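First up is the structure itself, then whatever we jot down about it.
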Amino acid sequence: MENAQAYLFYVFAALAVICAIMVVANPFSRSPVTSAMFLVLTMGCLAGLFTLLHAFFLAAVQILVYAGAVMVLFLFVIMLLDLKEEQRRQVKSLSLVAGLVSVGAILAIFVRSLIATKPGEGALANVEGSTSKLGKLLFTQYLLPFEIVSVLLLVAMVGVVLLSKKDLK
Amino acid sequence: MNVGLEHYLVVSAVLFALGLLGVVTRRNILVIYMSLELMLNAANLALVAFSRFNNNLDGQVMVFFIITVAAAEVAVGLALIVALYRRRQTTHVEDLNLLKH
Amino acid sequence: MHLQTLPWIILFLPLLAAVVITLFTQRDRKTSATLSISAIVIGFVLTVIFIKANSFNPEVKEVSLNWLDIGPLQAEFGLRLDALSLMMLLVVTGVGSAIHIYSWGYMHEDRCFSRFFASLSLFTFSMLGIVMANNFLQMFISWELVGVSSYLLIGFWYEKASAADAAKKAFITNRLGDFGFMLGILIVWAALGSLNFGKLEAGLADNPAALGSLATLGGLLVFCGAMGKSAQFPLHVWLPDAMEGPTPVSALIHAATMVAAGVYMLSRTFFIYTPEALQVIAWIGGCTALLAALVAVQQNDIKRILAYSTLSQLGYMVMAVGLAAPEAGMFHLTTHAFFKALLFLGAGSVIHAMHHEQDIWRMGGLCKKMPVTYWTFMVGTMALAGVWPLSGFFSKDAILAAAWHHSMPLFIIGVGVAALTTFYMFRLVFVAFLGGERSHEVGHAHESPWVMTWPLRILAVFSIVGGVIGVEALFGGMLHPGGEHPHGLAAQLVYPFKHAPVAALSGLAAFGIGLFAAWTLYARAKEDPLPARIGTLSRWMRDRFYFDELYEATVIKVHDATAAVVDWFDRWLIGFAAVRGSAGATSLFGNVLRFIQSGSLQAYAFLLVLGVAVILFFVLGR
């Protein structure tokens, strides 16, 4: 059982990283559509990892919201915009090097501090992210942020409607 | 073969770095947006892992909120991109240099 | 109406008139003149009422408002009303009224009639401010205002280059003295912590050493102000040039007000001068009196003679203050105000009749053409020369008596100056009014209108009686309380002979000598006989001892050189290095930094990530 979980972790992790690479730097296609499809796959792998972390509710939400709603939105927008000409442009090598250097630096700092502090030592994986527990927490301790987030969604909705009007001034 | 907190954090860090790389290097504003989502998800993964290994559900609640806000953000952001495209006929960041003037 | 508000009204009426004339009635000549004249005449009447109601020693000596409170500096805005200022108030408003009225006649053909009266009212206001000020600061402000308004008045005919130059000269020379005055005020304030005359006097009476080692210096610096305003040697050069202004202005500046301000200020601040300072003041006064009298002997312009005469008499007054007899100085100032105003207005009347001819050698025989002018001018001359019992005799005698008591050399100078005064004044009278007509303009000359002659008559009366109506006792009672002073008309008339017979008799003797010399030399002269007799000295006198040339060669050269250096400094170090240098550096940095602002979002994002990496490195990585 333990081993199965470990194998699953490695499979999901490797898939997630590969898909993320394909999102950012696909050697075969520069189309945003491919990027979007690989992003959906990354979301799926992350949902798998969530499940391995016993966060079942979040795994479901991840699939529903990200893979379902957000990515669909992305695809819609890509379809709305006519993006043929965009694909021909080259990534400038200078900016690529600059990006790699800065991102590499940050990654190196992360990993170094991880190795130096070892946060996982002695930690036991024992929390169950079940829907009922999470729901209880949301409606008791985090009630106010929860309500505020609902208002935020409403505001975002109004904003989007306004922004999408034809003659935006 | 035991999978611990560090493993999850390394995956999260790599995903985050990839997202960052996308933000810095890609020119298409839609792809930049997707990379941003990737970074958010990397953060989510780290939060869930911490929650699991530190015996505390608050992290998962935070992730719940992040997903919600991210959804709203994507909706607004994409609307903005659409509006921008209507005016300037481009999704290419090098053409969006209004900040210079 | 409360009596204490009267002085405020007296003070501000002329200002109000000036403002109203400038703003509203520029085009209406008659209204302007009426406003200006009524402002000062009302002021005069109110002064008389105030004195009638309060006598010369009002119970409330000061009315003041707190004006500024800056740390330890408390500046009041107040009026000090005691015998000194009230008497001066009478003189300023009284003589001023006569001059204002006279101006109506003298100036009525001028294009800028209204501007003239506005300036005149402003001047009056400033002068009243000096007279009534109860503290140094306020006095200094009025002092500067007098400078400005005198500039306006002397340069009234500014289209004439000489007038404009004279105005500048007067203003700049005055500023020179005023700078010393300001330093003196600062020293006094630093040492005593107050600017109020009453407080200062009380403080110095309690502790005479309060001014410390700076006492003499401070006193002399304050005196510098008087030196500029009262045209004392070596700052006397502006006064004769100030004759370029209209004659009523000359009369106003010379007789009653501006130059008197210096002497008045000396009397007002008499308490701060140390014996050493007084010594210097007395000698400067004496030298000025002598030099100016000598110069006056060889001038041919009627107004210039009077100008140097004024200088000489001012020297007298300053000398009196320096001899610790400010009451004598103020006494002479008062009488001098009457007869010098009279002489100037008389001269103006002559000039008016001669169609702006000022050379006395082109006049002659005017006594038959303009009898009123002649007789009043004669009264003024006699008063100035010191004929008993005219006013000049008494005031001059008071000064000579003070000199007799304190310093023999100064006494001799004083008597000599008295003789010279008689000499040059009668030279003027003999040449201009007696004898035959020297030019055909005299044939057309006629008496001036009543608006000009009546002020002459009134001033003549005062010139006659000014010495015996108790002015001296008034000042003496105030500046030296408890002193002995004669009462009653008869006692006044003979008082000088009893009090200091040597001084009185030598004054009369000086008059006799001067009159005799003038009669023998000029009674029948066709041209000036003096240059032939004393040669070089006469030329020096005529050319005013070359002071202007000396200043031209020294002060102005040095000034120009300094200006050139400062100009270089300003142009290259400040203008080029500091101003343009910093501007250039800023724009250079701006140009360099401009490349960073590319407008590319991803460049910004890259920089942001780099920044985050650096911060993380310092927070986590090390």
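The values are calculated or read from the model by the stated rules, or taken from the named source; none is laboratory data. Just so you know, these numbers come straight off a predicted model, no measurement behind them. Cβ: placed from backbone, ideal geometry, glycine included. Neighbour counts: every protein chain shown.
Tell me which residues, restricted to region B:77-97, are part of a helix (DSSP H, G or I) and either over 30 Å from residue A:146 (Cβ atoms) or free of Cβ contacts under 8 Å to residues at least 24 places away in the same chain (or both).
Going residue by residue through region B:77-97, those that are part of a helix (DSSP H, G or I) are B:77-88, B:93-95.
Of everything in region B:77-97, those that are part of a helix (DSSP H, G or I) and either over 30 Å from residue A:146 (Cβ atoms) or free of Cβ contacts under 8 Å to residues at least 24 places away in the same chain (or both) turn out to be B:79, B:80, B:82, B:83, B:84, B:85, B:86, B:87, B:88, B:93, B:94, B:95.
Is at least one residue of region C:559-576 assigned to a helix (DSSP H, G or I) and over 42 Å from the mean Cα position of the chain (by Cα)? Before you say what the answer is, go through the steps one by one.
Of region C:559-576, the ones assigned to a helix (DSSP H, G or I) are C:559-576.
From what is left, the residues that are over 42 Å from the mean Cα position of the chain (by Cα) are C:576.
Looking through region C:559-576, at least one residue is assigned to a helix (DSSP H, G or I) and over 42 Å from the mean Cα position of the chain (by Cα).
Is there a residue being within 11 Å of chain C (Cβ to nearest Cβ) and touching a strand residue (DSSP E or B) at 6+ places or on another chain (Cβ under 9 Å) anywhere in region B:84-91? Give the derivation first.
So in region B:84-91, the residues within 11 Å of chain C (Cβ to nearest Cβ) come out as none.
Scanning region B:84-91 turns up no residue that is within 11 Å of chain C (Cβ to nearest Cβ) and touching a strand residue (DSSP E or B) at 6+ places or on another chain (Cβ under 9 Å).
Checking residue B:65 against (1) within 26 Å of residue A:96 (Cβ to Cβ); (2) in contact with a Pro (Cβ under 7 Å, 6 or more places away or on another chain): exactly one of these is not met. Which one?
Failing condition for residue B:65: (1).
Can you name the residue in region B:19-38 that is more than 7 Å from every other protein chain (Cβ to nearest Cβ) and aliphatic (A, V, I, L, M) and is also nearest to residue A:81 (Cα to Cα) among such residues?
Taking the candidates together, the pick is B:29.
If residue A:129 satisfies all but one of (1) of a type outside the set (A, V, I, L, M, F, W, C); (2) modelled with pLDDT of 85 or more; (3) touching a Lys or Arg at 6+ places or on another chain (Cβ under 8 Å), what's the number of the condition it fails?
All conditions pass for residue A:129, except number (2).
Taking the condition of being at the interface with chain A (Cβ under 7 Å from one of its Cβ atoms) and either in contact with a Cys (Cβ under 7 Å, 6 or more places away or on another chain) or buried (at least 20 other Cβ atoms within 10 Å of the Cβ) (or both), how many residues in region B:9-18 meet it?
Final tally of qualifying residues: 6.
Find the helices (runs of 4 or more DSSP H) located wholly in region A:1-81 whose residues include 3 or more that are of a type in the set (Phe, Trp, Tyr) and more than 20 Å from residue B:91 (Cα to Cα), and list them.
Working: elements: A:2-24, A:32-52, A:56-61, A:71-80.
Ranges flagged: A:2-24.
Taking the condition within 19 Å of residue C:461 (Cβ to Cβ) and buried (at least 24 other Cβ atoms within 10 Å of the Cβ), does residue C:118 pass? It would help to see each step written out before you state the result.
On the way: within 19 Å of residue C:461 (Cβ to Cβ): no; buried (at least 24 other Cβ atoms within 10 Å of the Cβ): yes.
No; evaluated as a whole, the condition is false for this residue.
Condition test on residue C:438, is it surrounded by fewer than 24 Cβ atoms within 10 Å (Cβ to Cβ), among the charged types (D, E, K, R) and over 25 Å from the mean Cα position of the chain (by Cα)? I'd like the intermediate steps shown before the answer.
Details: surrounded by fewer than 24 Cβ atoms within 10 Å (Cβ to Cβ): yes; among the charged types (D, E, K, R): yes; over 25 Å from the mean Cα position of the chain (by Cα): yes.
Answer is yes for this residue.
Please state which of the following conditions residue B:74 fails to meet, knowing it meets all the rest: (1) more than 20 Å from residue A:146 (Cα to Cα); (2) at pLDDT 90 or above.
Against the list (1) more than 20 Å from residue A:146 (Cα to Cα); (2) at pLDDT 90 or above, residue B:74 comes up short only on (1).
In this structure, is residue B:53 under 22 Å from residue A:157 (Cα atoms) and either surrounded by 18 or more Cβ atoms within 10 Å (Cβ to Cβ) or under 21 Å from the mean Cα position of the chain (by Cα) (or both)?
On the way: under 22 Å from residue A:157 (Cα atoms): no; either surrounded by 18 or more Cβ atoms within 10 Å (Cβ to Cβ) or under 21 Å from the mean Cα position of the chain (by Cα) (or both): yes.
When the stated conditions are applied, residue B:53 does not pass them.
Which residues, counting only those in region B:53-69, are at the interface with chain A (Cβ under 7 Å from one of its Cβ atoms) and touching a residue at least 24 places away in the same chain (Cβ under 8 Å)?
Of everything in region B:53-69, just one residue is at the interface with chain A (Cβ under 7 Å from one of its Cβ atoms) and touching a residue at least 24 places away in the same chain (Cβ under 8 Å), namely B:53.
Specify which of the listed residues (B:43, B:79) is at the interface with another protein chain (Cβ under 7 Å from one of its Cβ atoms) and either out of contact with any Cys (no Cβ under 7 Å at 6 or more places or on another chain) or surrounded by fewer than 18 Cβ atoms within 10 Å (Cβ to Cβ) (or both). It would help to see each step written out before you state the result.
On the way: B:43 fails: at the interface with another protein chain (Cβ under 7 Å from one of its Cβ atoms).
Testing whether each residue is at the interface with another protein chain (Cβ under 7 Å from one of its Cβ atoms) and either out of contact with any Cys (no Cβ under 7 Å at 6 or more places or on another chain) or surrounded by fewer than 18 Cβ atoms within 10 Å (Cβ to Cβ) (or both) leaves just B:79.
Looking at (1) among the β-branched types (Val, Ile, Thr); (2) farther than 24 Å from residue A:133 by Cα; (3) more than 8 Å from chain B (Cβ to nearest Cβ), can you tell me which one residue A:51 breaks?
Going through (1) among the β-branched types (Val, Ile, Thr); (2) farther than 24 Å from residue A:133 by Cα; (3) more than 8 Å from chain B (Cβ to nearest Cβ) one by one, residue A:51 breaks only (2).
Scan region C:177-203 residue by residue and report those that are within 14 Å of residue C:139 (Cβ to Cβ) and of a type in the set (Val, Ile, Thr).
C:185, C:188
Among the numbered criteria (1) within 11 Å of the chain's Cα centre (by Cα); (2) surrounded by fewer than 21 Cβ atoms within 10 Å (Cβ to Cβ), which single criterion is violated by residue A:16?
Answer for residue A:16: the failing condition is (2).
Could you give every pair whose Cβ atoms fall below 7 Å, whose first residue belongs to region B:31-43 and is closer than 25 Å to residue B:5 by Cβ, and whose second residue is among the small types (Gly, Ala, Ser), counting only separations of at least 6 or pairs across chains?
Pairs found: B:37/B:70; B:38/A:20; B:38/B:19; B:38/B:22; B:39/B:19; B:40/B:70; B:42/B:12; B:42/B:19.
Looking at (1) of a type in the set (Gly, Ala, Ser); (2) over 13 Å from the mean Cα position of the chain (by Cα); (3) within 14 Å of chain C (Cβ to nearest Cβ), which is the only condition residue B:4 fails?
(3)
Determine, yes or no, whether residue C:129 is in contact (Cβ under 8 Å) with a residue 24 or more places away in the chain and over 12 Å from the mean Cα position of the chain (by Cα). If you could, list the steps in order and put the result at the bottom.
On the way: in contact (Cβ under 8 Å) with a residue 24 or more places away in the chain: yes; over 12 Å from the mean Cα position of the chain (by Cα): yes.
Yes: the conditions hold for residue C:129.
From the list C:50, C:44, pick out the single residue that is at pLDDT below 85, closer than 20 Å to residue C:82 by Cβ and part of a helix (DSSP H, G or I). I'd like the intermediate steps shown before the answer.
Details: C:44 fails: at pLDDT below 85.
Of the residues listed, the single one that is at pLDDT below 85, closer than 20 Å to residue C:82 by Cβ and part of a helix (DSSP H, G or I) is C:50.
State whether one or more residues within region C:343-357 are surrounded by fewer than 22 Cβ atoms within 10 Å (Cβ to Cβ) and either under 30 Å from residue C:219 (Cα atoms) or among the aromatic types (Phe, Trp, Tyr) (or both).
no
Could you tell me which of the residues A:11, A:40, A:24 is at pLDDT 90 or above, crowded, with 17+ Cβ neighbours inside 10 Å and aliphatic (A, V, I, L, M)?
Numbers: A:11 fails: crowded, with 17+ Cβ neighbours inside 10 Å; A:24 fails: at pLDDT 90 or above.
Going through A:11, A:40, A:24 in turn, just one is at pLDDT 90 or above, crowded, with 17+ Cβ neighbours inside 10 Å and aliphatic (A, V, I, L, M): A:40.
Out of the residues in region C:137-175 that are surrounded by 23 or more Cβ atoms within 10 Å (Cβ to Cβ) and in contact with a strand residue (DSSP E or B) (Cβ under 9 Å, 6 or more places away or on another chain), state the one that is nearest to residue C:122 (Cα to Cα).
C:143
Name the helices (runs of 4 or more DSSP H) wholly inside region C:270-358 in which the number of residues that are of a type in the set (Ser, Thr, Tyr) and within 15 Å of the chain's Cα centre (by Cα) is 2 or more. Outline the logic, then answer.
Numbers: elements: C:275-297, C:302-322, C:326-353.
Where helices (runs of 4 or more DSSP H) fall fully within region C:270-358 and carry at least 2 residues being of a type in the set (Ser, Thr, Tyr) and within 15 Å of the chain's Cα centre (by Cα), they are C:302-322.
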